[in-house]
1. Once ligands and nucleic acids are excluded and a 1.4 Å probe is used, how much of Y271 is accessible, expressed in Å² to the nearest 10?
2. If a/c stays under 1.5 just call it rounded; otherwise compare a/b with b/c (prolate if a/b is bigger, oblate if not). Do that for the stretch 73-198, with a ≥ b ≥ c from the square roots of the Cα gyration tensor eigenvalues.
3. Residues of the stretch 247-277 with backbone nitrogen within less than 16 Å of a virtual label 7 Å along the Cα-to-Cβ line of F146, please, listed as ranges.
4. Ranked highest first by average number of other Cβ atoms within 10 Å, how do 281-294, 245-258, 39-52 line up?
5. What whole number of Å gives the distance from the Cα centroid of the stretch 265-290 to the Cα centroid of the stretch 76-129?
6. Below 8 Å between Cα atoms, with a sequence gap of 6+, how large is the relative contact order for the chain in percent?
7. Under 14 Å from the Cβ of A251, count the other residues' Cβ atoms, weight Lys and Arg +1, Asp and Glu -1, and hand me the total.
8. Mind jotting down the three principal axis lengths of the stretch 108-161 based on Cα atoms? Whole angstrom, largest first.
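The values are calculated or read from the model by the stated rules, or taken from the named source; none is laboratory data. Everything quoted here is computed from the prediction, not taken from an experiment. Note that we place each Cβ from the backbone using ideal geometry, even for glycine, and neighbour counts take in every protein chain shown. Remember, those area values only see protein heavy atoms, side chains included, never the ligands or the DNA or RNA. Shrake-Rupley method; radii C 1.70, N 1.55, O 1.52, S 1.80 Å.
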Amino acid sequence: KVQHQHLRYNPLRDTWVLVSAHRMKRPWSGQVEKEEELHVPRHDPNNPLCPGNTRANGEVNPDYESTFVFENDFPALQPDGPDPGSDQHPLFQSKAARGLCKVMCFHPWSDVTLSVMAIPDIIKVIDKWAELMVDLGSTYPWVQIFENKGAMMGCSNPHPHCQVWASSFLPNEASLSDRCQREYLKNHGEPLLLQYAKMEAESQERVVVQNSDWLAVVPYWATWPFQTLLLPRRHVLRLTDLTSQEKEGLASIMKQLLTKYDNLFHMSFPYSMGWHGAPTGPHLQEDQSHWQLHAHYYPPLLRSGTIRKFMVGYEMLAQEQRDLTPEQVTTPLHCTFFFLFQKSQKEGFG
């Protein structure tokens, strides 16, 4: 399987991934990205996310010392929106889309990332995520927490932050994951990702980092080259269900995983990440035992810090494809850790 092309099944999406490990031998003369500017000022008077600065809508940020949450000045979803009605042709259907979009700053300093933040500060981030899940999830059926890190992933501001979008509907990925996990529990008697975490912990073949409460693996069905999946070891439906010990363990494993990413190509590693958990709002009173809380990390890099994986051509028109096996990337990810972690300790971040 390592040397020859084959298909792998993604049970979370009911799709197949084409794995073509031999393609890494081909020469590269395609797009080479510019290396990102390393120097970011701790406080930029022109950065709308920094403490005390004025944002685009004229509001002034407080002089926050920890996390800071505000409503997105340019939201994709708003609480009010027209209902297009039900009298529609099957080829031209529309539905109402309502919600709230928030921005959450992780830290008052612009020159830090989660990988170099102190564990207590990361715990504060996790606590705020859970608080937002309670607040927004009391009404909305889906609350999507996600972070786009790095200009390569479309992030226009280097200040450490994420976004939280609450919607009146289940998005496509949530609906698909809900169906797949529900069917798996029905057919196999155990939550899909709970069983998967146990099997990965036993084999250790794709484990990147682990502790007593959490496991981070390169999933067997990974599409992106250095994609990882973060899983709790016990059955947990939502971020709000985590114990204090599990939050501390989560902060630790996030720091370790992201430090490994940074070490891989000796750069501040770009990625998109997000949490998936059981639906909320009207679904809070329903049986959601098929769900297991998890986080996805999708980094775009392929061969180096300046060569990325493009999802084009075959991926857009046929199916997902990757150029090396998940097992081949687990070892370099697993073995990179100490340099940047020691550097962060020396600089006093964590």
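1. Roughly 10 Å² of Y271 is accessible to a 1.4 Å probe.
2. Numbers: a/c = 2.18, a/b = 1.26, b/c = 1.74.
Verdict is oblate for the stretch 73-198.
3. Under cut-off, by backbone N: 271-277.
4. Working: 281-294: 16.6, 245-258: 20.5, 39-52: 13.9.
Going by the mean number of other Cβ atoms within 10 Å, highest first, we get 245-258, 281-294, 39-52.
5. 12 Å
6. On the way: 664 pairs, mean separation 76.6, N = 350.
The normalised contact order for the chain reaches 22 percent.
7. Numbers: positive: K124, K128, K247, K255; negative: D121, D127, D213, E246, E248.
Within the 14 Å Cβ shell, the charges total -1.
8. 35, 28, 15
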